Each structure stands twice: as C-alpha cells, then as structure tokens.
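> Dropping a structure here in structure tokens format, bear with me for questions.
The values are calculated or read from the model by the stated rules, or taken from the named source; none is laboratory data. Not measured: the values here are computed from a predicted model. Ideal geometry is used to build each Cβ from the backbone, glycine not excepted, and the neighbour counts take in all protein chains shown. What goes into the accessible areas is simple: the full protein's heavy atoms, side chains included, and nothing from ligands, DNA or RNA. Shrake-Rupley method; radii C 1.70, N 1.55, O 1.52, S 1.80 Å.
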Amino acid sequence: MSQSGHRLVKEITKTVTLDYLLHIPEREEPLSNNEKWPVIMFLHGAGERGNDLEKIKAHGVPLIAEQDKSFPFIVISPQCPVDEFWGMHREAVMALLEHVLETEAADPQRVYLTGMSMGGYGAWDLPLFYPNTFAALAPVCGGADPSKAEELRNIPVWAFHSAKDDIVYVSESEKIVHALEALNADVKLTIYPEGDHDAWTETYDNPELYKWFLSHTL
C-alpha cells in the first residue's frame with residue numbers, strides 16, 4: 001500500500017502589518033493606578049484606504065479626536081490597504097487591539113467597535129470571528145447576512161443609515177437588524193430620512209452615541 005492517512009498538527013506564526021492612528025486622551029491630571037480609558041476601534045470606509053494616515057482623519061471618530069485632544073476614549077483607527085477589505089485583515093485588527101490593550105491604560109471590558117460604509121460591514125463582521133471582545137457595536141451604513149444574527153445576538157448594537165443612501169441601501173442595515181429583533185437582541189436602528197451616503201457625520205457628532213457606548217461593559 002503506497003499511501004496512508006496522516007494528520008499534521010503544527011503551530012505556525014504569521015506576521016501582520018497594519019498602519020494606524022492612535023488617540024490617547026490628553027488631560028491635566030494623570031490617571032490613577034486603577035484607572036483605564038474606554039476604547040473605540042474605528043474602521044474607515046473604502047475611500048480612506050491606502051498608506052496615507054491623514055486620509056483617515058477626514059471623517060468619523062478620528063476627525064473628532066483630531067479636533068478634541070481630550071476626547072475621553074482611546075481611539076484606534078487602522079488603515080486598510082488599497083483595493084482590500086476589512087474581512088481580509090481581521091487577524092491584524094485584533095492583533096492591533098491586543099497590542100494597545102497591553103501597552104496603554106486601556107480597559108478591556110469597555111472596547112467598542114464602529115465603522116462606516118466598508119467599515120460598517122467590517123464592524124458587523126469582526127464580532128462573528130471574535131465574540132466576547134466588544135462591549136457594544138455601532139455600524140454606520142453597513143450590513144451583514146441576516147443568517148448570522150444568532151451569532152451576534154449577545155452584543156448590544158446601535159446601527160445607523162440614511163434612507164436615501166444609494167451606495168449602500170438602507171435595506172442592508174434593516175435586514176440584519178430585523179433578524180436580531182426577532183431574537184429579542186439588544187438592537188436599535190436610527191434612519192436619517194433625508195441623508196444619502198453620509199450618515200456618519202450626524203452619527204459621530206451625536207454625544208448620545210458615546211453615552212450609549214459607556215452604558216455597556218463586558
């Protein structure tokens with residue numbers, strides 16, 4: 001008999017590379033020994049891909065952190081390479097989060113995930129592969145396969161979309177939100193009646209979003 005069945009069990013390592021912006025809040029008094037900052041992981045849209053970190057500051061949480069040095073969250077904003085998508089970089093994004101949790105005064109019980117457009121899809125996607133990591137989720141102009149609702153039912157979600165979005169149709173958010181509602185999940189959807197593919201400005205300018213984030217811990 002010339003061939004027989006075998007199984008290989010071998011640990012391998014993988015090198016990942018990801019450029020990112022990191023906001024650490026500025027304040028007059030240093031943190032006390034036990035004090036840690038809440039964390040927002042922000043995933044940008046398709047237009048901000050590349051190798052120029054300045055592009056990420058155009059929208060969303062990085063723009064807010066750029067304008068307000070005391071913005072009271074650690075903000076992690078990775079940059080996706082050109083012509084690639086967040087689903088191709090799950091391991092790198094999680095390695096980045098792990099690095100920041102290890103090296104900064106970051107609270108692992110208060111890590112929040114958000115993203116816009118391509119990043120909105122990424123925000124729905126990442127918890128499917130890394131459950132029990134994020135305390136709350138805020139996808140903007142994104143979507144997910146409603147058959148995945150069962151895997152997402154335990155994470156609080158506040159989704160945002162514009163009714164007249166002709167790039168990512170509002171039905172993309174509605175389908176997954178309705179599937180989660182059917183499971184009695186902690187989920188809500190805000191639809192801006194007049195907006196197009198720009199729901200992120202009103203979303204991230206709303207202080208209620210950050211209050212909502214902070215109302216959730218793992």
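> Need the full-extension length gain, K10 to E29, defined as separation in residues times 0.36 nm minus the C-alpha distance. One decimal, nm.
Difference between extended and current length: 2.0 nm.
> Here is a follow-up. Report the antiparallel proportion of the DSSP beta bridges in the stretch 1-145 as a percent, rounded to a multiple of 5.
Within the stretch 1-145, antiparallel bridges account for around 20 percent of the total.
> Specify whether the C-alpha gyration tensor of the stretch 105-218 places it in the rounded, prolate or oblate class, a ≥ b ≥ c being the square roots of the eigenvalues: rounded for a/c under 1.5, otherwise prolate if a/b is larger than b/c and oblate if not.
Oblate, since a/c reaches 1.5 and b/c is not below a/b.
> Let me ask something else. What 222 nm value per residue comes from the helices of the chain, counting each DSSP H run with n ≥ 4 as -39,500 (n - 2.57) and dividing by all residues, nearest 500 deg cm²/dmol?
-8500 deg cm²/dmol
> In nm, to one decimal, how far is the F85 label point from the K69 one, both placed 7 Å along Cα→Cβ?
Here the answer is 4.0 nm between the modelled labels.
> For F134, what accessible surface area do you get with a 1.4 Å probe? Give it in Å², rounded to 10.
Accessible area of F134: about 10 Å².
> So, R0 is 35 Å and r is the distance between the beta-carbons of E104 and M1; what FRET efficiency does that work out to, to 0.05?
FRET efficiency, E104 to M1: 0.05.
> Moving on. If a helix is a whole DSSP H run, which ones in the chain reach 15 Å or further along their own axis (Cα) and hold a mean Kyte-Doolittle hydropathy of at least -1.0?
90-103, 118-129, 171-182
> Here is a follow-up. Provide the solvent-accessible area of M118, counting protein heavy atoms only and rolling a 1.4 Å probe, rounded to the nearest 10 Å².
Surface open to solvent at M118 totals about 20 Å².
> Please give the Cα centre distance for the stretch 112-140 versus the stretch 17-82, rounded to the nearest Å.
The two parts, judged by their Cα centres, are 16 Å apart.
> Another question, then. Would you check the accessible area of D52, probe 1.4 Å, heavy atoms only, in square angstrom rounded to 10?
That residue has around 70 Å² of solvent-accessible surface.
> Follow-up question, since we're still on this one. From the square roots a ≥ b ≥ c of the eigenvalues of the alpha-carbon gyration tensor of the stretch 1-85, which class results: rounded (a/c under 1.5), prolate (a/b over b/c), or oblate?
Oblate.
> Continuing with the same structure: Given [x] 26; [y] 52; [z] 31 as candidate values of percent of Cα pairs over 29 Å apart, which corresponds to the one derived from the coordinates?
The listed entry that was calculated here is [x].
> If I take R0 = 45 Å and measure r between the Cβ atoms of E54 and N184 in this structure, what FRET efficiency does the formula 1/(1 + (r/R0)^6) give, to the nearest 0.05?
Calculated transfer efficiency: 0.55.
> Could you work out the relative contact order of the stretch 89-218, using alpha carbon pairs under 8 angstrom and six or more residues apart, expressed as a whole percent?
It rounds to 23 percent for the stretch 89-218.
> Another question about this same structure. Please say if the stretch 23-151 is rounded, prolate or oblate, where rounded means a/c under 1.5 for a ≥ b ≥ c the square roots of the C-alpha gyration tensor eigenvalues, and otherwise the choice is prolate for a/b larger than b/c and oblate otherwise?
oblate
> While we're on this one: Whenever you get a sec, line up E194, E174, E98 from highest to lowest accessible area (probe 1.4 Å, protein heavy atoms).
Largest accessible area first, the residues go E194, E98, E174.
> Counting only protein chains, not ligands or nucleic acids, how are T15, T190 ordered by accessible area (probe 1.4 Å), most first?
So the residues, ranked largest to smallest area, are T15, T190.
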